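Quick notes on the structure that follows.
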There are 4 protein chains.
Amino acid sequence: MPARTEIRVRYAETDKMGVVYHSNYFVWMEIGRTELFRKMGLPYKVIEEKGIIFPVVEAFCRYKKSALYDDEIVIETVLKHYSAAKVVLDYKIIRKKDEVLLAEGETVHGIVTTEGKPVSIKKLPWLQEKFDKIMEIRGN
Amino acid sequence: MPARTEIRVRYAETDKMGVVYHSNYFVWMEIGRTELFRKMGLPYKVIEEKGIIFPVVEAFCRYKKSALYDDEIVIETVLKHYSAAKVVLDYKIIRKKDEVLLAEGETVHGIVTTEGKPVSIKKLPWLQEKFDKIMEIRGN
Amino acid sequence: MPARTEIRVRYAETDKMGVVYHSNYFVWMEIGRTELFRKMGLPYKVIEEKGIIFPVVEAFCRYKKSALYDDEIVIETVLKHYSAAKVVLDYKIIRKKDEVLLAEGETVHGIVTTEGKPVSIKKLPWLQEKFDKIMEIRGN
Amino acid sequence: MPARTEIRVRYAETDKMGVVYHSNYFVWMEIGRTELFRKMGLPYKVIEEKGIIFPVVEAFCRYKKSALYDDEIVIETVLKHYSAAKVVLDYKIIRKKDEVLLAEGETVHGIVTTEGKPVSIKKLPWLQEKFDKIMEIRGN
């Protein structure tokens, strides 16, 4: 099951077209990631404290319908797959009141130390274990 | 030739990793688009006043190196191609001092009226003409 | 009683100092306003649909302690007072886990039509009534 | 003379009211500060590298007229005064085409080490000297 988290659209997130400005969906995906890691039992803050970060190396979003000011939004996040050096996450941005899919996205992350050195996930069993577990839960 | 425009990284654009937060690159691409349209002789503000908008339907970015606070950044934007219903733009985000490519991106835009109705570019000769001209200039 | 609403600090809201960038507190105050109006029985979206907006004419914030990534934050908002032409709101930004006051702020808003014309609240009894009620509730 | 710097309003900075969202003016003030420090011969990046930061302890803005998408904006920044523990900066946000004052603001900053300890400016002669010089230039 994906991690589900909810937010409400801020006035600050709208633009003069009257809808949410597109770059904010990437901020919402990050909120989804934060909740996925928390659900895994590994808050991202804790991962950072252990000296590991997941910088974004690719980010993609396909926009279907506009989110509006004060809309309640559900962010669904899944760990799609991972390799020694990369983590791929998928997202659905959903309007809560009618469960309409507003957008879907994907981010690809490196696995690096806080000093910026790439590190293989095989050397981070405490992390790999959690990744395997959340992927099993998801039914993969 | 691509439209080139320059910005300087704002403190507000950095995050606790010490580098520019990834969603800001999509804001920079929009600055690039704004300059491309101005260069075409059709400021985006004018296009909007004519009742046409280009909502983002897809956005992609590949991150190579981090931009840092106070870095001077060059944004290069080209009109890659267009069809009756869509416009595709490509971007390069470059660190000015050493011309290192920090990121590259692509956005796909619908062509719709300010009321949200899709409109074929064939019905907008004033726009198509400018698109053809900027693509020729680019050497395509 | 003030309107209380909760948010969680986003990674996007931090800066290279490792703390929340100061302008985000003004976004948080707006979230507080949105909840105050909802609590009043007059969602801000509905007020806008009735043709009335409250543009910010002054904004102030005093910062005491830094908010950090992933902190749970409580925003407390009160309607401090209003006159024919202005509304003054006060805010407290509180760290949830230990109820420490991180910042306090104030915003002053005009009362204008969506066309930008100032309008006296005396001509908007549906609004004034709600304002009086929320101030009474507050014990003023 | 104040430090003058220019920006162009980004689409991302507008909101559904069709004007620049108010919190962005605080980001613009920071751009003004960055230029003032550069003009002083002490880029803020260099000050940070020397282990000194100026966290915002108070921020104020009075909004007079709205900035619009694609407007060219001039930010004027002056060092108003400083004491052992604090620095006060004043800002004017001006529309370039007609020199209309859109907003004016003030920020108060602490003087602290990157570890967060307050430090008296008297112990930082390299900084005080620059502050005195820029205030003289200003005609104070």
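The values are calculated or read from the model by the stated rules, or taken from the named source; none is laboratory data. Keep in mind that this is a model prediction, so the values were computed, not measured. No Cβ is skipped: glycine too gets one built from the backbone with ideal geometry, and neighbour counts run over all protein chains shown.
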Quiz prompt | Single condition A:V56 does not satisfy, out of (1) touching a strand residue (DSSP E or B) at 6+ places or on another chain (Cβ under 6 Å); (2) under 30 Å from B:K117 (Cβ atoms); (3) hydrophobic (A, V, I, L, M, F, W, C) | solution = (2)
Quiz prompt | Test set (1) modelled with pLDDT of 95 or more; (2) outside any strand (DSSP E or B); (3) within 24 Å of B:S23 (Cα to Cα) - A:K80 fails condition number | solution = (2)
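One line per residue, one yes/no per condition, for (1) in contact (Cβ under 8 Å) with a residue 60 or more places away in the chain; (2) within 24 Å of D:T14 (Cα to Cα):
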position	(1), (2)
C:E58	no, yes
C:E72	yes, no
C:T77	yes, no
C:I94	no, no
C:V100	no, no
C:K122	no, no
C:P125	no, no
C:F131	yes, no
C:I137	yes, no
Exercise. Spot the failing condition for D:A103; the list is (1) within 12 Å of chain C (Cβ to nearest Cβ); (2) farther than 30 Å from B:E49 by Cα; (3) out of contact with any Asp or Glu (no Cβ under 9 Å at 6 or more places or on another chain), and only one is missed.
Key: (2)
Exercise. Check whether at least one residue in region C:49-68 is within 25 Å of A:D71 (Cα to Cα), surrounded by fewer than 18 Cβ atoms within 10 Å (Cβ to Cβ) and among the hydrophobic types (A, V, I, L, M, F, W, C), and report yes or no.
Key: no
Quiz item: What number of residues within region B:101-114 satisfy the criterion of being out of contact with any Phe, Trp or Tyr (no Cβ under 7 Å at 6 or more places or on another chain) and over 18 Å from A:Y63 (Cβ atoms)?
Solution: 2
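For region B:41-77, which positions are among the hydrophobic types (A, V, I, L, M, F, W, C) and part of a strand (DSSP E or B)? Talk me through it step by step, then tell me what you get.
Step one: filter region B:41-77 for residues among the hydrophobic types (A, V, I, L, M, F, W, C), giving B:42, B:46-47, B:52-54, B:56-57, B:59-61, B:67-68, B:73-75.
Listed by number, the residues that qualify are B:I52, B:I53, B:V56, B:V57, B:A59, B:F60, B:C61, B:I73, B:V74, B:I75.
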Quiz prompt | Criterion (within 26 Å of B:L102 (Cβ to Cβ), aliphatic (A, V, I, L, M) and in contact with a Lys or Arg (Cβ under 6 Å, 6 or more places away or on another chain)) met by exactly one of A:V78, A:V57, A:V88, A:V74 | solution = A:V88
Quiz item: How about region D:1-46: which of its residues are over 14 Å from A:Y21 (Cα atoms) and touching a His at 6+ places or on another chain (Cβ under 9 Å)?
Solution: D:F26, D:E30, D:R33
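Step by step: first the residues of region D:4-13, then only those that are in contact with a helix residue (DSSP H, G or I) (Cβ under 9 Å, 6 or more places away or on another chain) and part of a strand (DSSP E or B), then the one that is farthest from the other protein chains (Cβ to nearest Cβ). Which residue is that?
The extreme case among them is D:R4.
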Practice problem: Kindly indicate whether C:V78 is within 12 Å of chain D (Cβ to nearest Cβ), of a type in the set (V, I, T) and within 10 Å of the chain's Cα centre (by Cα). | Solution: no
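Just the residues that are in a strand (DSSP E or B) and of a type in the set (D, E), please, taken from region B:83-101. Steps first, answer last, please.
To start, the set of residues in region B:83-101 that are in a strand (DSSP E or B) comprises B:86-95, B:100-101.
Scanning region B:83-101 gives a single hit, B:D90.
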Self-check item: Count of region C:89-127 residues which are surrounded by fewer than 16 Cβ atoms within 10 Å (Cβ to Cβ) and touching a helix residue (DSSP H, G or I) at 6+ places or on another chain (Cβ under 9 Å)
Solution: 2
Self-check item: Test: D:V108 is within 14 Å of chain C (Cβ to nearest Cβ) and either aliphatic (A, V, I, L, M) or farther than 30 Å from D:W126 by Cβ (or both)
Solution: yes
Quiz item: Can we say A:D90 is modelled with pLDDT of 95 or more, more than 17 Å from the chain's Cα centre (by Cα) and not aromatic (F, W, Y)?
Solution: no
Practice problem: Could you please give the count of residues in region C:22-33 that are in contact with a Phe, Trp or Tyr (Cβ under 7 Å, 6 or more places away or on another chain) and at the interface with another protein chain (Cβ under 7 Å from one of its Cβ atoms)? | Solution: 4
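Regarding D:E104, is this residue more than 22 Å from C:D15 (Cα to Cα) and in a helix (DSSP H, G or I)?
For D:E104, the condition - more than 22 Å from C:D15 (Cα to Cα) and in a helix (DSSP H, G or I) - is not met.
Would you be able to tell me the number of residues in region C:40-54 that are over 13 Å from C:I111 (Cα atoms) and more than 10 Å from every other protein chain (Cβ to nearest Cβ)? Lay out the reasoning, then the answer.
Step one: list which residues in region C:40-54 are over 13 Å from C:I111 (Cα atoms), which gives C:40-43, C:45-46, C:49.
Retained after the next criterion (residues that are more than 10 Å from every other protein chain (Cβ to nearest Cβ)): C:40-42, C:49.
Adding up the residues that qualify gives 4.
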Self-check item: Tally, over region B:1-29, of residues that are farther than 11 Å from B:S66 by Cα, within 16 Å of the chain's Cα centre (by Cα) and in contact (Cβ under 8 Å) with a residue 40 or more places away in the chain
Solution: 10
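Here are some residues: B:D132, B:D71, B:D98. Which one is more than 25 Å from A:R62 (Cα to Cα) and within 12 Å of another protein chain (Cβ to nearest Cβ)?
On the way: B:D132 fails: within 12 Å of another protein chain (Cβ to nearest Cβ); B:D98 fails: within 12 Å of another protein chain (Cβ to nearest Cβ).
Step by step, each of B:D132, B:D71, B:D98 is checked, and only B:D71 is more than 25 Å from A:R62 (Cα to Cα) and within 12 Å of another protein chain (Cβ to nearest Cβ).
Please tell me if B:K16 is under 20 Å from D:I7 (Cβ atoms), in contact with a Phe, Trp or Tyr (Cβ under 8 Å, 6 or more places away or on another chain), within 12 Å of chain A (Cβ to nearest Cβ) and of a type in the set (K, R). I'd like the intermediate steps shown before the answer.
Details: under 20 Å from D:I7 (Cβ atoms): no; in contact with a Phe, Trp or Tyr (Cβ under 8 Å, 6 or more places away or on another chain): yes; within 12 Å of chain A (Cβ to nearest Cβ): yes; of a type in the set (K, R): yes.
The answer is no for B:K16.
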